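The values are calculated or read from the model by the stated rules, or taken from the named source; none is laboratory data. Computed from a prediction, not measured in an experiment: that's the story for all the values here. Cβ coordinates were reconstructed from backbone atoms using ideal geometry, including for glycine residues, and neighbour counts include every protein chain displayed.
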Amino acid sequence: MAETLSALPTPPPAPVERRHVPAVVVGWVQAGPLDETQNAALMRARAMVREALRAALPGFKWSFPLVRRTDLYAGGQEVEPVDLLDAGATERRVAGWDFALVATGADLRARFRPFTLATPSQALDVAALSLARLDPGARHPDLSDAERTERFAHRLAALALHAFGHLNGLDHETHEDAVMYPPRSPADLDRSSLSFTEPNRTEIEAEVADVADLRMEEETVFDQLGDAAFALKALVLNWNDVADTVLQIRPWRFPFQLSKLTTAAISTLIVLVMTAEAWDLGARQPLWHVAWLAVVAVAGTSAYLVRKQGLLARRHGQTRTEQQVVQSASILLALGLGMSTTWALLFGATLVLRLLFFDGAILDGWAASLGRSVGPDEVLAFAGFVSSLGIGVGALGASFEDQTYFRHVAYVDEET
């Protein structure tokens with residue numbers, strides 16, 4: 001019996017289940033030449049960021065390729081952040097990265113602060129980082145070369161992690177050692193722990209897991225979809241990403257940042273409010289007609305500015321991607337909300353001016369063709385009519401905004 005048992009064939013070993021580890025690629029782009037100290041700090045900072053992200057999010061396979069683009073900056077002056085963001089977006093798209101960090105030795109041109117160290121853009125999944133103000137040797141010449149490089153690298157790594165947090169929708173924190181604490185000076189970065197707090201780690205893990213999933217263009221099931229169906233499916237799958245990106249852009253600031261838009265719109269409002277013919281025409285419009293006019297005005301001006309300012313320029317032959325759909329939808333929605341905010345401000349201003357300066361007798365005389373007194377409905381119709389015309393003229397004014405500045409307002413989430 002023993003011999004029979006020993007002759008039985010040995011069963012094959014059970015197959016080992018291999019768990020799929022999602023890959024995340026954070027590409028670095030060196031924009032322009034760096035001196036020896038800056039280059040050493042960049043290499044060390046990449047290693048620090050790699051260690052920090054692998055420790056915080058061990059469930060992913062991290063990769064940090066580096067591309068050197070010495071043609072992007074010749075030196076001697078500030079560099080426009082949107083130029084670096086465009087370059088980073090191109091490298092990310094061509095190489096198939098998930099995120100891109102563009103590091104330059106030049107100062108970034110700040111639009112709303114005295115200076116800026118970084119400009120993240122969640123719409124593009126790219127952040128521009130400046131090394132120009134991070135060197136501790138400028139204020140502490142007694143530091144040894146090793147100490148100088150280590151502190152320099154720590155500052156750059158802290159800045160990169162802060163920007164990476166913004167690219168994944170994280171908000172600022174109040175603790176000075178937190179990665180998401182907003183630095184007011186380069187020295188603030190020295191206190192960074194280079195580690196995300198537990199709530200932030202949980203949030204960023206969910207965001208990165210979504211990014212690490214297979215893209216629609218990588219799945220054969222979506223190959224046969226037409227462009228419209230592909231875009232609709234991408235929006236359904238990524239509506240949360242679109243919402244987060246729009247919140248990072250904060251489009252309600254547009255009327256206060258785009259001076260030519262606001263100046264043209266307010267000028268139109270003042271002229272129309274002081275014109276009897278405008279009151280006569282606007283007060284006669286049905287409210288439903290004014291509502292449709294407002295929708296058309298917001299949609300039309302948004303589409304006009306997107307095209308005029310080149311916000312969604314697509315190169316010939318560029319393949320459709322899920323990221324491209326999310327980016328386009330985010331920019332369109334953000335600009336639409338910005339124009340809606342402008343419309344609402346004009347609407348409110350018209351009502352305030354009517355209450356302050358125009359009594360019933362004046363309005364009844366100006367809108368005599370109504371055949372009755374001007375009531376609340378007529379005032380609301382006039383305000384909507386004026387607001388719609390105002391944002392139309394305002395869009396013409398905004399088309400004269402410098403394209404680089406307009407793109408900065410549309411793309412840059414904050415000046416860190």
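Evaluating T119 against the criteria (1) at pLDDT 90 or above; (2) within 30 Å of A243 (Cβ to Cβ); (3) part of a helix (DSSP H, G or I) leaves one unmet condition, (3).
Checked against the criteria, R148 does not count as part of a loop (DSSP other than H, G, I, E, B), among the basic types (K, R), assigned by TED's automatic domain parsing to the domain that holds A103 and surrounded by fewer than 21 Cβ atoms within 10 Å (Cβ to Cβ).
Every residue, every condition in (1) over 30 Å from A303 (Cα atoms); (2) in contact with a Ser or Thr (Cβ under 6 Å, 6 or more places away or on another chain), yes or no:
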residue	(1), (2)
L332	no, no
G336	no, yes
W343	no, yes
A349	no, no
L355	yes, no
D364	yes, yes
A381	no, no
V393	no, yes
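Taking region 275-290 as the region of interest, how many residues are of a type in the set (A, V, I, L, M, F, W, C) and surrounded by fewer than 14 Cβ atoms within 10 Å (Cβ to Cβ)? Counting residues in region 275-290 that are of a type in the set (A, V, I, L, M, F, W, C) and surrounded by fewer than 14 Cβ atoms within 10 Å (Cβ to Cβ) gives 3. Considering (1) part of a helix (DSSP H, G or I); (2) of a type outside the set (G, A, S); (3) at pLDDT 90 or above; (4) within 22 Å of S330 (Cα to Cα), the lone condition that R54 does not fulfil carries the number (4). For first residues located in region 162-185 and farther than 16 Å from E198 by Cα and in the same structural domain as N200 (by TED's automatic domain parsing), partners that are assigned to a helix (DSSP H, G or I) and of a type in the set (G, A, S) and lie 6+ apart or on another chain with Cβ distances below 9 Å form the pairs P183/A158. Among the residues of region 60-73, is any modelled with pLDDT under 85 and of a type in the set (F, W, Y)? Scanning region 60-73 turns up at least one residue that is modelled with pLDDT under 85 and of a type in the set (F, W, Y). When every residue of region 134-154 is checked against the conditions, at least one turns out to be among the hydroxyl-bearing types (S, T, Y) and within 17 Å of R191 (Cα to Cα).
Please find, among V79, V102, V49, the residue that is assigned by TED's automatic domain parsing to the domain that holds A146, farther than 30 Å from A209 by Cα and surrounded by 22 or more Cβ atoms within 10 Å (Cβ to Cβ).
Just a single option satisfies the conditions, and that option is V79.
Of all the criteria given as (1) touching a helix residue (DSSP H, G or I) at 6+ places or on another chain (Cβ under 6 Å); (2) farther than 13 Å from V79 by Cβ, the one not satisfied by P114 is (1).
Residues in region 245-286 that are of a type in the set (S, T, N, Q) and outside any helix (DSSP H, G or I): 2 in all.
A quick yes/no check of all residues on (1) closer than 30 Å to V298 by Cβ; (2) surrounded by 19 or more Cβ atoms within 10 Å (Cβ to Cβ); (3) at pLDDT 90 or above; (4) of a type in the set (S, T, N, Q):
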{"residue": "A160", "(1), (2), (3), (4)": "no, yes, yes, no"}
{"residue": "A187", "(1), (2), (3), (4)": "no, no, yes, no"}
{"residue": "A234", "(1), (2), (3), (4)": "yes, yes, no, no"}
{"residue": "N238", "(1), (2), (3), (4)": "yes, yes, no, yes"}
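Of all residues assigned to region 263-274, at least one qualifies as being of a type in the set (G, A, S), closer than 13 Å to W343 by Cα, surrounded by 14 or more Cβ atoms within 10 Å (Cβ to Cβ) and touching a helix residue (DSSP H, G or I) at 6+ places or on another chain (Cβ under 8 Å).
Annotation: of all residues in region 355-369 being in contact with a helix residue (DSSP H, G or I) (Cβ under 6 Å, 6 or more places away or on another chain) and in a helix (DSSP H, G or I), the one that is modelled with the lowest pLDDT is S369.
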